[in-house]
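Q: One structure coming up, written as structure tokens, with questions to follow.
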Amino acid sequence: MYHDSRSYHLPAQGGGSVPIGLPRTGMADVTVERVVSEKVETNMPDAPVAGPALTSSGFSAPVPEHAEVEDFSSEPLAERLHARDLARRCSAYAELQAKMDAGNADTELWALCGASVDMALAESLPKGQDAALNAVAAYLKHCPGLEAKTVLPWVRKLTEHKAIDKPKMQQLAPSVVLLIAEIAECPAVLQELTNCLNELDDSKKKSTGFLKKQIAFIIKLISQLLGDFGIKKMPPKLGYLSFVLKYVSDSDRGIREACYSVAIEMAAWLGDIGDLISPMDEPQKKEVAKRLEAAGGEQKSKPIRCYRGDAAAQHGDGARSSSKPAEKADDLFEKVDPFKKLPKGWCISAVPSMEKWKEKLQHLQVLSGVLEGPAERHLLAPHEGYGALVPTIQRMLK
């Protein structure tokens, strides 16, 4: 059995070498000496090797565990916020956040922070994004008197950020959007997300990979809004289910996962969502059922977030609100009178007298467009006019 019984020498102060023995192997001790400085013969010259400096004993000096962080606190805060140096900006963001979280912000600091939000949202490097978005979150959380018109544009700045496909932005941005929703409320935030998705559908400039991640991120935001604010603040009538039904069969896994997360959240609030997802293809329905089974039928009844305007009322009426019955699906849909949406003078009885098939089709499509509507947007209100449609429809079917 082979064993290394060589002894090695380290360079000693003043020249020469100091032998150091290797542990015994239990076999035999051989004292063949080998100088550590011996080289492998090559035709190339020796290259300098970078490394820690050696002490007089021949060992490298200890390296501090944490490098010292330069302190910029003596520099004016406003100057650091607009500095080209990332480290200075990060120190400014950190100081802003610390003062706001500690309740030490004054009018001047609120104004400075508010004026710097657009710049903070535009940070492109992960380190800057971390510091900047945490400061923006503290601003949204603590600044008094923020208005929806001020904070709503920041939703699009985040969803359209050039680094929104990167993990750091996808990790930090949702908390900012959720805080914006506390101020501007879910329908307004959802409208911003909807507008962004609609524009992405028409976009032909962005790369497919970036586009897919952007769509998945927006749908995931919808799921988080639903999960945190609840079905009452995020009812299906707001229209977000149309995006789920559209993208759930997408080839991109991230988009499909985001769509399934919305369906699971809806089921957690509503229970049975079979009618809502009925337009899905069978494979997607089975996948939703599989995930619901794995979730164990967990039901939610109380949201973890509320609107700023509702906070005081919710605090005062906490005992009574906890006894309210769970929301029913029918209570979450807008009821629409379709006959008010029909063009003036439209009448179904005119169809039999029309000679051309195409003319009949176009006339009936007006009615079908009003009656069908996206199922997740509204319910049809009761109306006696439905009965008047039946005779003509029966006549056309014969």
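Q: Of these, L225, L178, which one is within 15 Å of R156 (Cα to Cα) and at pLDDT 95 or above?
A: L178
Q: So, one more: Mind checking which residues of segment 133-189 are among the charged types (D, E, K, R) and farther than 14 Å from Y307 by Cα?
A: Answer for segment 133-189, where residues must be among the charged types (D, E, K, R) and farther than 14 Å from Y307 by Cα: K149, R156, K157, E160, K162, D165, K166, K168.
Q: Suppose we filter segment 69-90 for residues that are farther than 14 Å from V136 by Cα, assigned to a helix (DSSP H, G or I) and touching a helix residue (DSSP H, G or I) at 6+ places or on another chain (Cβ under 7 Å); how many remain?
A: 5
Q: Residue check, A181 against (1) farther than 27 Å from C143 by Cα; (2) in contact (Cβ under 8 Å) with a residue 12 or more places away in the chain, all met but one. Which one?
A: (1)
Residue by residue, here is whether (1) open to solvent by less than 30 Å² (accessible area, probe 1.4 Å); (2) β-branched (V, I, T); (3) part of a helix (DSSP H, G or I) holds:
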| position | (1), (2), (3) |
| --- | --- |
| L178 | yes, no, yes |
| A181 | yes, no, yes |
| D201 | no, no, yes |
| I219 | yes, yes, yes |
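Q: May I pose another question? Exactly one condition in (1) over 20 Å from P235 (Cβ atoms); (2) crowded, with 17+ Cβ neighbours inside 10 Å; (3) over 13 Å from the mean Cα position of the chain (by Cα) is not met by E192; state its number.
A: Answer for E192: the failing condition is (1).
Q: Can you say whether E108 is open to solvent by less than 20 Å² (accessible area, probe 1.4 Å) and of a type outside the set (V, I, T), as far as the supplied structure shows?
A: Here the answer is no, as E108 does not meet what is asked.
The values are calculated or read from the model by the stated rules, or taken from the named source; none is laboratory data. Here the structure is a predicted model, which is why all the values come from computation and not from measurement. Neighbour counts are summed over all protein chains in view; Cβ atoms, including those assigned to glycine, are modelled from backbone coordinates with ideal geometry. All accessible areas refer to the heavy atoms of the entire protein, side chains included, with ligands and DNA or RNA removed. Shrake-Rupley method; radii C 1.70, N 1.55, O 1.52, S 1.80 Å.
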